[in-house]
Structure formats: C-alpha cells, structure tokens
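Undergrad: Would you mind keeping the following structure in view while I ask a few things?
The values are calculated or read from the model by the stated rules, or taken from the named source; none is laboratory data. All values reported here derive from a predicted model rather than from experimental measurement. Quick reminder, even Gly has a Cβ in these numbers, built from the backbone with ideal geometry, and neighbours come from all protein chains shown.
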Amino acid sequence: MAINGKHALSLLDKINNNNAQQEYYLTDIVSIASCEGLDVRVIEVPFNNVIGVNNCFELSEVDTLWQKRKACDFMLSGVTILKPESVYFSYDTEIEPGVLIEPNVYFGPGVKVQSGAVIRAFSYLEGAFVGADTQIGPYARLRPGTELARSVKVGNFCEIKQAKVGEAAKINHLSYIGDAEIGSHTNIGAGTITCNYDGFHKYKTMIDDNVFIGSNSALVAPLIIGKDSYIASGSVITEDVPINSLALGRARQVIKENRATKLRTRLSINKRKK
C-alpha cells in the first residue's frame, strides 16, 4: 500500500479499533481515503509480494517462498545446489560462485563460503567461515567461531567450534575440535578430541603446522603441540609437545601367549552359572 505523504498522518489518525479483535488495521485507510474523496487506485502485484503473516503456519509459507527465491539467486550466480528445496539459508548467508551444495544442508546465521568449496549432505553450519576449495561433511557441524582456511577437509561426524584451521589441514572422521588453532597441513586422526572444558572454564589447544595426530587421541587443554610433531594413536596428551617430537601417552600393551583358551573356558563357565 502506497500513500501520498501529505495525507498519511491525517488518515492514520482516523483509524479506529471498532472491530471484534479490537485491533488497528492499516488497510482501513483505503476506505477512509475513498470516503474523503481522495484518489484511490488498485495496482495488481504478485501475491508473493504482499502476503501477510498472522500465525506460525503463514510464517512458514512465507519462509518457503523466500528460501526458493534465495536458492534461485545463488544458482543464477553460479552456485550448484543439487536439491534446492532441501537446503535452508539464513538472511545473511554468503556463498560465492563455484560452490557445490549437496542435499539437506542447513546454513545458520553468519556463514560465508568461498568459491570452490563443497558442502556435502546433512551438514549444519552457523557462524562459520569456509575457505576456498574446502570440503565439508557429510554429517559435519560447524559452530560459531569456526574459521577454515583454503583446502581444509572436515569429514563425517566432525564438530568444530571456536577454532581456526590452517590451509590444507584435515579433520576427516569422528572428531571434536573446540577452542583451538590448528596449523596448515596438519592431520587430525579419527576420534581425536580437544578436551577444552573442566566444568568451569574453557581452555585452548594450539597445534602448529605439519603435525600428525594419531587416531583416538585426547588433547587436554591448555596445550601447545609444536611444529612437525607426531602424537601416537590412543594417547592422552596433557603436557606441551616440543617441535619435531614424538609424544605417547598410553599404557604399554601386554601380551600373554596361549591364554585365550583359558579365558574362553572361564567366561563360558560363568555364563552357564547365570
């Protein structure tokens, strides 16, 4: 609805709430203006441009229309979206041309994705910066404060929070990286976690360039791991690791030969007793 400015205030003053809902309806201005002999005209516009929202269902309908428009704008700019109706965008989502988005991806507020990135299916991003040529997911979660440099890989069932990840670093499987800085070309093995919270405070993990973290490692913050270092698989690391060092933090393996048969017999007897 468009109103001549010189008539707007006088017309608004004449709106009343004499209706069942006791609400003030801006649309009453049309009849008021007509009764006062002002020029009133109807201009036909697309329904999508003037749809009203009075409840949650109508809000969802409007959001669906907006999502379709947003996806269309991205695809016309050069973004590939494999199943647009399954992807959710926020009002401020920024995606550069050349990005590939697979089905069922959610973009929360504050996400920027640079050209060449691939966002695989069922990933959830919010408050995150995704560098060029980076690969995310499937089933990855990027939480606020995540900054991924160029060519980073964050694989399936990984969660990143308040962390900076350097160029070409890899976090490929089943990891939690929170409150951390990870250098370039560093590899984070499957099942690795940063232990950043003691129940009261958050602590930071600093991992330098070209570090190899073995699978199923627990990095207990605050912690600094120097450049070119190796962390053995299954380690619990509680002390800083110097540059170019090998760190092991696990119990020594014990082998008792020819004991498997005795163990099976004992377990079988115990099972029968139950």
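Undergrad: If a residue counts only when it is more than 19 Å from Asp240 (Cα to Cα), which strands (runs of 3 or more DSSP E) contained entirely in the stretch 123-218 have at least 2 such residues?
TA: 128-130, 146-148, 153-156, 159-165, 170-173
Undergrad: Would you confirm whether any residue within the stretch 153-162 is over 20 Å from Lys112 (Cα atoms) and crowded, with 21+ Cβ neighbours inside 10 Å?
TA: Looking through the stretch 153-162, none of the residues is over 20 Å from Lys112 (Cα atoms) and crowded, with 21+ Cβ neighbours inside 10 Å.
Undergrad: Select from the stretch 251-274 the residues that are at pLDDT 90 or above and of a type in the set (D, E, K, R) and write down the one among them that is nearest to Val236 (Cα to Cα).
TA: Ranking the qualifying residues of the stretch 251-274, first place goes to Lys256.
Undergrad: In the stretch 72-93, how many residues are assigned to a helix (DSSP H, G or I) and charged (D, E, K, R)?
TA: Here the count works out to 2.
Undergrad: Can you tell me how many residues within the stretch 36-47 are surrounded by 12 or more Cβ atoms within 10 Å (Cβ to Cβ) and not in a loop (DSSP other than H, G, I, E, B)?
TA: Number satisfying all stated conditions: 0.
Undergrad: Scan the stretch 107-127 and tell me whether some residue there is assigned by TED's automatic domain parsing to the domain that holds Ile188, in contact with a His (Cβ under 7 Å, 6 or more places away or on another chain) and modelled with pLDDT of 95 or more.
TA: No, that holds for no residue.
Undergrad: Within the stretch 216-266, track down each residue that is of a type outside the set (Asp, Glu) and surrounded by fewer than 10 Cβ atoms within 10 Å (Cβ to Cβ).
TA: The answer is Ala251, Arg252, Gln253, Val254, Ile255, Lys256, Asn258, Arg259, Ala260, Thr261.
Undergrad: Is at least one residue of the stretch 70-78 among the charged types (D, E, K, R) and outside the structural domain of Phe129 (by TED's automatic domain parsing)?
TA: yes
Undergrad: Quick check on Ala132: is it in contact with a strand residue (DSSP E or B) (Cβ under 8 Å, 6 or more places away or on another chain), crowded, with 16+ Cβ neighbours inside 10 Å and free of Cβ contacts under 8 Å to residues at least 60 places away in the same chain? Steps first, please.
TA: Details: in contact with a strand residue (DSSP E or B) (Cβ under 8 Å, 6 or more places away or on another chain): no; crowded, with 16+ Cβ neighbours inside 10 Å: yes; free of Cβ contacts under 8 Å to residues at least 60 places away in the same chain: yes.
For Ala132, the condition - in contact with a strand residue (DSSP E or B) (Cβ under 8 Å, 6 or more places away or on another chain), crowded, with 16+ Cβ neighbours inside 10 Å and free of Cβ contacts under 8 Å to residues at least 60 places away in the same chain - is not met.
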